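The values are calculated or read from the model by the stated rules, or taken from the named source; none is laboratory data. All figures in this text were calculated on a predicted structure; none of them were measured in a lab. Every residue, glycine among them, receives a Cβ derived from its backbone with ideal geometry; neighbour counts consider all protein chains shown. Ligands, DNA and RNA are stripped out before the accessible areas are found, and what is left, the full protein with its side chains, is counted by its heavy atoms. Shrake-Rupley method; radii C 1.70, N 1.55, O 1.52, S 1.80 Å.
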Amino acid sequence: MNHSLEALTEKEYFIKQLTFIDENYQDLNSLYLSSTPLKERKKDFLSVYVNEVEQYIALCNQAPAEPPLRKVLIGTKVTVLFDGEDDREDYHICLPDQSDPDNGCISFLSPVGRQLLLKNMGEQTSLIIPSGQLDVVIEKISYWDKETG
């Protein structure tokens, strides 16, 4: 799989991402199925994701300026606020081969990436991690260009 999604505008990035997903649908679906516990699997996961990205691109086409991101998508930086604390953490949601957890880049197929994907701005959620559960609020979502940071 060639994951060349170099520095592009936000809209161009998501259009190219849809093409990539379409061309690699079977591989990505197999990775999703093999990396996701049965009880956490969502029916038609990739189709639901593609639909969300298509809706966002449609919004971009209607507005002269790109609308703010309201959902966590692949290629976004999501800032979570830990519930009851004034502590935050940024996660860059990426494709599996771009994963670099030491630098905050997590695959959308990783346990935390999977739980954050498609969450809404302002949404409260519980992240299940090996040491237990973390209650967080999705504080900010922004397009993240891995070339410019």
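Here are the numbers:
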| read-out | value |
| --- | --- |
| Test result for Leu5, open to solvent by less than 50 Å² (accessible area, probe 1.4 Å) and either of a type in the set (Asp, Glu) or at pLDDT below 90 (or both) | yes |
| Conditions (1) surrounded by fewer than 19 Cβ atoms within 10 Å (Cβ to Cβ); (2) in a strand (DSSP E or B); number of the one not met by Gln115 | (2) |
| Hits in the stretch 118-134 - residues which are among the hydrophobic types (A, V, I, L, M, F, W, C) and outside any loop (DSSP other than H, G, I, E, B) | Leu127, Ile128, Ile129, Leu134 |
| Residues within the stretch 29-45 that are in a helix (DSSP H, G or I), without any contact (Cβ under 8 Å) to a residue 60 or more places away in the chain and closer than 14 Å to Arg114 by Cβ, tallied | 6 |
| Any chance Ser142 is of a type in the set (Gly, Ala, Ser) and in contact (Cβ under 8 Å) with a residue 60 or more places away in the chain | yes |
| Subset tally (residues that are touching a Phe, Trp or Tyr at 6+ places or on another chain (Cβ under 8 Å), more than 26 Å from Glu12 (Cβ to Cβ) and open to solvent by less than 80 Å² (accessible area, probe 1.4 Å)) for the stretch 61-88 | 1 |
| Restricting the stretch 89-108 to residues that are of a type in the set (Gly, Ala, Ser) and not in a strand (DSSP E or B), the residue that is least open to solvent (accessible area, probe 1.4 Å) | Gly104 |
| Flag for Leu118 being in contact (Cβ under 8 Å) with a residue 40 or more places away in the chain and at positive phi | yes |
| Selected residue [of a type in the set (A, V, I, L, M, F, W, C) and assigned to a strand (DSSP E or B)] from Val48, Val137 | Val137 |
| Ser47 open to solvent by 40 Å² or more (accessible area, probe 1.4 Å) and in contact with a Cys (Cβ under 7 Å, 6 or more places away or on another chain) | no |
| Selection count, the stretch 67-78, where residues are part of a strand (DSSP E or B) and over 12 Å from the mean Cα position of the chain (by Cα) | 0 |
